[in-house]
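The values are calculated or read from the model by the stated rules, or taken from the named source; none is laboratory data. Fair warning: this is a prediction, and the values are worked out from it, not measured in the lab. Note that each Cβ is placed from the backbone with ideal geometry, even for glycine, and that neighbours are counted across all protein chains shown. Side chains included, ligands, DNA and RNA excluded: accessible areas come from the protein's heavy atoms. Shrake-Rupley method; radii C 1.70, N 1.55, O 1.52, S 1.80 Å.
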Amino acid sequence: SNEEEINPFSKNYIGILANYLSVGLMLGGSTSILYPILVVREGVTPSLMTASTSLVTVFWSYKILFGFLSDCFPIMRWKRKPYICIGWTLCAFFLLALAKEGHDVLPHTLVLYLTLANCGYVMADVSADGFMVWIAHREPITHRGRMQTLIYATNTFGQILINVLILLGFSGPETNCPGYEPDPTIPCTQDARIANRNDLSSAFPDEWCHLKCHNATFSWDLSIPAFALTIAAVNLASIPLYVILKEDRTPPEAV
């Protein structure tokens, strides 16, 4: 009812905040991870980097279709909850598939899985936006706009968290030193294209790939599987909160 005071931190609605935290993690993580992996580690061209960023975020251009889907095809007479759950489950599934590829994932495989994961999270985000509008319409005039402010703050907090993780986690030698090989028993690569991108290869022709180059800040790296699993874990842990969201069912259609 319109008189009901909606508390975003209550059991009935905390799922909305959890959703936008996950949105922030995915929005920040799926684009920010491309630069250190594609450009710094793999040395791809700027045009390929731009194309990859556009591809990963392509489903944002189809938000209207996901909105149409959740508005016109309720599942068990719920318009929002099922699509939020399905979206995040899909997102987590593709992040787990990315994690399975290992740290040396090929650039095109990384972009493909991040794109598919984004499809799931756009579906969830659009449905949650509809839920948020429903809540905003029921806020008292004195608190009008509080819910929107809260969800955008939560979204931004998620983006900050994941960007700090990327900044700290991908500043080590495996990302920033082309050809880096942590195992000293494995000889350095003979590929001149990789060796020429590492400033130590001419000074230390036999051991350059085992040394921390000048571009690396730390002596350790976060792996891509650990990065993908971190976001997937938050997605999956939040699903029970979406299941218990308090949403009114749409009335059955008259026959």
Stretch gain in nm, segment residue 75-residue 218, where the contour uses 0.36 nm per residue and the Cα spacing is subtracted: 46.6 nm
Solvent-accessible area of residue 142, probe 1.4 Å, all protein chains present, reported in Å² to the nearest ten, please. 120 Å²
Assuming 0.36 nm per residue, please report the length gained on full extension of the stretch residue 35 to residue 65 beyond their Cα-Cα distance. 7.9 nm
Towards the positive end of the charge dipole of the chain, with charges on Cβ (+1 Lys, Arg; -1 Asp, Glu), say which of 233, 163, 17 has the farthest Cα. 17
When all protein chains stay in place, what accessible area (Å², nearest 10, 1.4 Å probe) is found for residue 104? 130 Å²
Mean separation of Cα contacts under 8 Å, 6 or more apart, over the residue count of the chain: relative contact order %: 33 percent
Label corresponding to Rg and Dmax of the Cα atoms in Å when calculated from the structure given, among (i) 22.0, 81; (ii) 20.4, 62; (iii) 21.1, 84: (i)
Give me the 1.4 Å probe accessible area per residue for region 108-255, excluding ligands and nucleic acids, in Å². 53 Å²
Charge sum, other residues only, whose C-beta stays under 15 Å from residue 82's C-beta, Lys/Arg counted +1 and Asp/Glu -1: +2
On C-alpha positions alone, give me the angle between the axis of helix 146-169 and the longest principal axis of the chain, in degrees, nearest 10. 10 degrees
Relative to the first principal axis of the alpha-carbon coordinates of the chain, what is the inclination of helix 14-32, with its axis defined by its Cα atoms, in degrees from 0 to 90 and to the nearest 10? 30 degrees
With all protein chains in place and a 1.4 Å probe, residue 47 shows an accessible area in Å² (nearest 10) of 90 Å²
In deg cm²/dmol, rounded to 500, what helix-only [θ] at 222 nm does the chain give when every DSSP H run of at least 4 residues adds -39500 (n - 2.57) and the total is split over its residues? -18500 deg cm²/dmol
Measure up 79/246; 63/246; 81/246; 11/81 against 18 Å on the Cα-Cα distance and list the ones that go over. 63/246
Give me the distance between the Cα centres of region 131-180 and region 220-246, rounded to whole Å. 14 Å
For region 41-49, 3J(HN,Hα) per residue [Karplus equation, 6.51 cos²θ - 1.76 cosθ + 1.60, θ = phi - 60°, Hz, x = Gly/Pro]: 7, 9, x, 6, 6, x, 5, 5, 4
No partner Cβ under 4.7 angstrom, meaning no disulfide-compatible partner by this rule: which Cys of the chain qualify? 72, 85, 91, 119
Which percent of the accessible heavy-atom area of region 154-255 goes to carbon and sulfur, probe 1.4 angstrom? 61 percent
If you line up the long axis of helix 224-243 against the longest principal axis of the chain, both from Cα atoms, how many degrees apart are they, to the nearest 10? 10 degrees
Name the long-range amide H neighbours of residue 75: under 5 Å, sequence gap of 5 or more, or other chain; modelled H, no Pro or chain starts. none
